[in-house]
Structure formats: C-alpha cells, structure tokens
1. What residue, among those in segment 116-136 that are outside any helix (DSSP H, G or I) and modelled with pLDDT under 90, is surrounded by the fewest Cβ atoms within 10 Å (Cβ to Cβ)?
2. Give segment 30-85 a look and list any residue that's modelled with pLDDT of 90 or more and in contact with a Leu (Cβ under 6 Å, 6 or more places away or on another chain), or say none.
3. Kindly check whether there is at least one residue in segment 31-52 that is of a type in the set (D, E, K, R), assigned to a loop (DSSP other than H, G, I, E, B) and on the phi < 0 side of the Ramachandran plot.
4. Could you list, in sequence order, all residues of segment 48-84 that are of a type in the set (Ser, Thr, Tyr) and farther than 30 Å from Ala147 by Cβ?
5. Could you please let me know if Ser90 is in contact (Cβ under 8 Å) with a residue 24 or more places away in the chain and within 30 Å of Ala222 (Cβ to Cβ)?
6. Could you list all residues from segment 20-39 that are out of contact with any helix residue (DSSP H, G or I) (no Cβ under 7 Å at 6 or more places or on another chain) and under 16 Å from Arg60 (Cβ atoms)?
7. Got a sec? Which helices (runs of 4 or more DSSP H) wholly within segment 137-232 have at least 2 residues that are in contact (Cβ under 8 Å) with a residue 40 or more places away in the chain and crowded, with 20+ Cβ neighbours inside 10 Å?
Amino acid sequence: MKKSSSALAKFVMYAVLLFTVIVSGFPIVWVVISSFKTNAQILSNPFSPPLSFNFSGYERAWKYCKFPVIYSNSFTVALTATFISLVIFSMAAYVIAKYTFRGRNVLYSLFVLTLLVPTMARAQPILRLIVNLKLYDTKMALILVYATTGMATCLFVLRATFMSIPAEFSEAAWIEGAGFIKTFLKINLPMAKSGLATAGTLLFLANWNEYYYAMLLTMKEANRTVPFAITYFDNTFNFDYTSMFAALTLVVVPALIVYAVFQEQVAASLVASGVKG
C-alpha cells in the first residue's frame, strides 16, 4: 500500500513538473524555431519545424532595431546597477547578519517590506528626483533607480548567506588583530561567493527585463534598453513575423544564458535563504 501511494505521488510530482516545463518552455522554443522560418511557413503551418534555416530575419532585426546600441545600453545599465547594489547591500547585509544592535530586526523588516511598495506608487517621487538632479533621459538615471530597487532582494539573499558562515572564522580573525573592514573583506566576503553570485544573477535579470522605469525615465533612442525597445518592434516590422520572432529571440537569449550559467548557485542559495532567513 505504501509503495503504491509512493509511486502515485512520484507520478503526480513528475507530471506536474513536466506540465510546468512544457507550459514555460514551449513559447520560448516556438519563438526561436519560428525565427528561422519564412513568413509563408509561419502563416501556413505555425507549429511545423522550419524547412530550412533562414537567417534573413536576424539580419533585418539586427539592422533595423539597432541591437548593438540597445545591447550596449542594457548591459551597461544592468551590470553597473548590479555591481553598485552588491557593493552597498553586501555591507549592510553583513552588519545585519553578524552584529546585534537595537532595532536590527525592525530595520531589516523595513528594508524587505519595500518589496510590497507598488512600482506606480514610487514613480512620481522618483521621476521628480531624477528631473531635479538633471539626470532625465540618461543611463545614469536608470542605473541609480535599478541599484536601489534591488535592495530587498539583495539583503534577503546576502543576510542568509552571511548568517550561514560560522562566527568562529570572524573570531579567529579578530584574535589575529584583524579589524572590522579586514574581517569583512578577507574572511566573510570570499566565503559568501555563492550568495553574491545568486544576488547578482537575480539583480541582473531584474535590471535586464525592467520596462516601466526605462519607459518613464528615457526618451531618446540612444538611451533605450532592450525591454523598452521591444515596444517598437510591431511598428518596425508590421507583418514581418520572421524578423519579429528573430528580434524577440535576441532579447530573450542573453537572460537565458545568464540564468543557465548560475542556476545551480541560485537554487542552492535560495534554499539556504529559506532555512536561515
């Protein structure tokens, strides 16, 4: 009886997982496959494999969507904002995780609760601040906004990572004469590589895919990021579905590559965050 119920539970679990994979992965696979087909093939049989690999859609998408420019903008903004977030919030997470002071838990809760503040509620004060700083329609505006909006995610992951590091390492460093900064930089930070990789991956993907602030804070084509540029694909290609699917593939692939490289560290660190947090 126990064996049959265990087998049934496994079957249900794998069935749910398979269904999730199909639902999540099929649209991406379909877009990639369709990007190699001609318009006639897409319209006549949208779910068939391509008769031959046609790269003309990628040539037109690369040329008319100015992918070198928007790729450069997105990578610059996403990487710089991610780096700033990791530098600042790793120090904050270390103090919250390793030091006891009055109001520590309240402060951490307030930081994490910023996740519950709707983007729309923050839009007007952020826009006013950016305009007053004379940073409107610049990449620096997006960098500053993205660096701050990643605070809660970064603190949540890194706090749990620092809490998982035994205190004996820091105590040994103090006995040897290491101060606060040296203990952080030489002992704890190298041991938090998995958490840093996880937080960096999550922040980069969020920055890469962010659309609302990119639309709100930029205007010139030279400052557009990839998600904002997507909105112009319909007007650019109209009924050229091959080029549209090629452009969408070029948008999605970088994020998929980043997540595929760091997926194990992300999963392991998030499990640790759930246990230690």
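The values are calculated or read from the model by the stated rules, or taken from the named source; none is laboratory data. For clarity, every value in this text was computed on a predicted model and none was experimentally measured. Here the Cβ is made from the backbone with ideal geometry for all residues, glycine too, and neighbour counts use every protein chain on show.
1. Start the filter on segment 116-136 by keeping residues that are outside any helix (DSSP H, G or I), which leaves 117-118, 133-136.
Filter once more, so that each one left must be modelled with pLDDT under 90: 117-118.
On the way: Val117: 11, Pro118: 7.
Checked segment 116-136; the qualifying residue surrounded by the fewest Cβ atoms within 10 Å (Cβ to Cβ) is Pro118.
2. Val77, Thr82, Ser85
3. Yes.
4. Listed by number, the residues that qualify are Ser48, Ser52, Ser56, Tyr58, Tyr64.
5. no
6. So the first thing to find is which residues in segment 20-39 are out of contact with any helix residue (DSSP H, G or I) (no Cβ under 7 Å at 6 or more places or on another chain), and the list is 20-27, 29-30, 33, 36.
The one that is out of contact with any helix residue (DSSP H, G or I) (no Cβ under 7 Å at 6 or more places or on another chain) and under 16 Å from Arg60 (Cβ atoms): Phe36.
7. The qualifying helices (runs of 4 or more DSSP H) are 139-149, 151-163, 193-209, 212-217, 226-230.
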